[in-house]
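The values are calculated or read from the model by the stated rules, or taken from the named source; none is laboratory data. What you see is a predicted model, and the numbers here were worked out from it, not measured in a lab. Here the Cβ positions follow ideal geometry from the backbone for every residue, glycine too, while neighbour counts run over all protein chains shown. Note: accessible area is taken over every heavy atom of the protein model, side chains too, but ligands, DNA and RNA are not part of it. Shrake-Rupley method; radii C 1.70, N 1.55, O 1.52, S 1.80 Å.
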Amino acid sequence: IACQKERQSDGWDYGCACYESALKAFKSLCEDDHSGMSWSITTNILMRMCKGLPLTPITEDDLSNRVYDNTWQYQRMSSLFKKVLQNGEIKYTDVDRCIVFEKDNQGDSFYNSSVVEIVDELFPISLPYYPTIDKFKVCVETSLINPKNGDYDTRAVWWVQTPMGDRIDVNRFFTEKDGVMTEISKEEYDELFL
């Protein structure tokens, strides 16, 4: 049915080839006579593999190469970084664990390092690290107050939804001051729109 609809809509065989490839993988799993439990375990493993996630936790042994003076990357998970701050504190960040979207356009998502930093503050990563299949979802609202500042100069970070589905209010606000995004209060944020 999916292939028929694909061909009817645009006659494109590429989409059908993708459906057929997925069906081949599904049939292969069916041939293994899984019970309900082993089916769940196996499909979870397959999903992790398809998403490029590690099957075992990342540990310090997986540290790979230095990418900056104080930042290292992990070989089994290239999205995971370790940063050693000047005071000796260690912070980890996984640049792939967040989906950021605009409040009025939840269909399009993007990456933003400052939003990832907020998620890292709220939900710090520690080793051993076993990332979830589902990502953190962060709702923001981006605005341009002064057209000379380019695409945007103000951002509200409203809430984050955890991979488990819990919604946490963040309510943090930022605006550009002297070329740098600076955190401001909710009152200052509201005044920008008067």
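Of the residues making up region 65-80, not a single one is within 24 Å of P124 (Cα to Cα), open to solvent by less than 90 Å² (accessible area, probe 1.4 Å) and touching a residue at least 60 places away in the same chain (Cβ under 8 Å).
Matching residues to (1) charged (D, E, K, R); (2) open to solvent by 60 Å² or more (accessible area, probe 1.4 Å); (3) touching a Lys or Arg at 6+ places or on another chain (Cβ under 8 Å); (4) without any contact (Cβ under 8 Å) to a residue 24 or more places away in the chain:
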site	(1), (2), (3), (4)
L127	no, no, no, no
D134	yes, yes, no, no
Y152	no, yes, no, yes
F193	no, yes, no, no
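Name the residues in region 40-58 that are under 17 Å from P128 (Cβ atoms) and either of a type in the set (D, E, K, R) or open to solvent by 50 Å² or more (accessible area, probe 1.4 Å) (or both), would you? Scanning region 40-58 gives R48, L55, T56, P57. Within region 2-16, does at least one residue satisfy the condition of being part of a loop (DSSP other than H, G, I, E, B), surrounded by 12 or more Cβ atoms within 10 Å (Cβ to Cβ) and touching a residue at least 12 places away in the same chain (Cβ under 8 Å)? Within region 2-16, none of the residues are part of a loop (DSSP other than H, G, I, E, B), surrounded by 12 or more Cβ atoms within 10 Å (Cβ to Cβ) and touching a residue at least 12 places away in the same chain (Cβ under 8 Å). If the condition is being under 17 Å from K103 (Cα atoms) and open to solvent by less than 40 Å² (accessible area, probe 1.4 Å), then region 159-173 contributes W159, V160, T162, V170, F173. Please work out if D108 is at positive phi and either surrounded by 13 or more Cβ atoms within 10 Å (Cβ to Cβ) or modelled with pLDDT under 90 (or both). No, not satisfied.
Of all residues in region 76-105, those being at pLDDT 90 or above and assigned to a loop (DSSP other than H, G, I, E, B) number 10. Sub-6 Å Cβ pairs linking a first residue in region 83-101 that is open to solvent by less than 40 Å² (accessible area, probe 1.4 Å) to a second residue that is part of a strand (DSSP E or B) and aromatic (F, W, Y), at least 6 apart or interchain, are T93/F81; R97/F136; C98/F136; V100/F110, ordered by first then second residue. Residues that are surrounded by 12 or more Cβ atoms within 10 Å (Cβ to Cβ) and part of a helix (DSSP H, G or I) within region 27-37 comprise just one, L29.
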